[in-house]
Amino acid sequence: MTTNILILQHISVEDPGFIKDLMIKDQFNLDTIELDKGEKIPKDLNKYDALFVMGGPMDTWMENKYSWLIDEKKSISEFVLNLKKPFLGFCLGCQLLGEVLGGNVKKMSEPEIGILDLHMQMGYENDNLFQRFDPSIKVLQWHSYQVDNLSNVKILASSNLCKYQAFRFQQHAYGIQFHLEAKNNTIKNWGRVSEYKKSLENNLGKGSIEKLNKKTLVHLDTMNKNAKYMYQGFKSLL
């Protein structure tokens with residue numbers, strides 16, 4: 001029986017990456033919608049077994065500039081709250097889920113960009129996706145906004161600056177603020193996007209793309225291992 005996954009992307013360089021490779025290996029049917037290119041979200045969401053919403057350079061409140069955000073939020077609400085099917089939201093996708101669940105998204109006191117520490121929270125060892133993670137791990141971060149004021153979720157991971165690094169709504173929907181989907185070409189691909197390069201150099205200085213790329217490659221095997229753990233847990237939801 002074919003597993004159908006709908007993937008909503010906001011820029012071509014932010015796809016499910018390493019996790020996409022795992023899904024292709026499992027012969028999942030992947031339906032990718034490039035919202036930034038004007039592609040429309042399918043009306044019949046019920047034909048999909050899971051929904052992935054990826055990151056992007058825009059923010060959740062930019063509906064005047066990116067009108068498709070309105071339909072995207074409605075589709076996330078339909079999938080998570082009505083259909084109650086497996087959902088994974090990464091970075092911007094995490095923040096969109098947070099808004100749909102009644103929280104708000106706010107600018108952080110300082111951005112989180114780089115390979116940084118993440119701390120698992122109480123009860124994570126009972127979660128399908130994160131139970132095999134070490135209590136503290138290194139992850140790739142690249143965001144300056146965060147979810148806030150969510151009362152109806154289980155917090156699974158936090159950082160020193162961001163409370164909602166990973167959270168679960170009921171048993172099927174996950175917001176993941178960090179990037180476990182990274183591959184060996186991820187940083188270089190992101191560095192070709194002028195907006196991404198500017199934000200990185202503003203925070204970490206000139207030449208920071210190459211420095212971050214080297215640091216990511218040092219930790220890539222561990223991040224890939226954790227991505228596999230998360231993916232295996234995700235498959236148990238299908």
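Taking every DSSP bridge with both residues inside the chain, close to 55 percent are antiparallel. Here Lys163 is the anchor, and the aspartates and glutamates within straight C-alpha reach of less than 16 Å, apart from those fewer than 8 places off in the same chain, are Glu99, Glu110, Glu112, Asp117, Asp148.
Using Cα pairs closer than 8 Å and at least 6 residues apart in sequence, work out the relative contact order for the chain, in percent. Walk me through the intermediate numbers first.
Working: 445 pairs, mean separation 47.2, N = 238.
So the answer I get is 20 percent.
Placing dummy labels 7 Å off each Cα toward the beta-carbon, the span from Leu238 to Asn46 is 2.2 nm.
The listed peptides 30-43, 81-94, ordered by packing as a protection proxy, come out as 81-94, 30-43 (highest mean of other Cβ atoms within 10 Å first).
Based solely on its DSSP helices, what 222 nm [θ] is calculated for the chain when runs of n ≥ 4 H residues each add -39,500 (n - 2.57) and the sum is averaged over all residues, nearest 500 deg cm²/dmol? Please list the in-between numbers first.
Values: 6 runs with 73 residues, N = 238.
When only DSSP H runs of four or more count, the value is -9500 deg cm²/dmol.
Note that the chain presents 46 Å² accessible area per residue, ligands and nucleic acids not counted, probe 1.4 Å. Over 29 Å between C-alpha atoms is what I'm after, so list which of Lys73/Lys106; Lys74/Lys215; Lys43/Lys138; Lys43/Lys183; Lys40/Lys215 land there. Table pairs above 29 Å Cα-Cα are Lys74/Lys215; Lys43/Lys138; Lys43/Lys183; Lys40/Lys215. Between Leu204 and Ser109, the contour length at 0.36 nm per residue exceeds the Cα-Cα span by 32.6 nm.
Just the protein heavy atoms count here, and of the accessible area of the chain at 1.4 Å, carbon and sulfur take up 45 percent.
Seen through its C-alpha gyration tensor, with square-root eigenvalues sorted a ≥ b ≥ c, the stretch 27-93 comes out prolate because a/c lies at 1.5 or above while a/b is bigger than b/c.
The values are calculated or read from the model by the stated rules, or taken from the named source; none is laboratory data. Bear in mind the structure is a predicted one, so any value in this text is a computation, not a measurement. Here Cβ is always computed from backbone atoms with ideal geometry, including for glycine, and neighbour counts include all displayed protein chains. These accessible areas exclude ligands, DNA and RNA; they are computed on the full protein's heavy atoms, side chains included. Shrake-Rupley method; radii C 1.70, N 1.55, O 1.52, S 1.80 Å.
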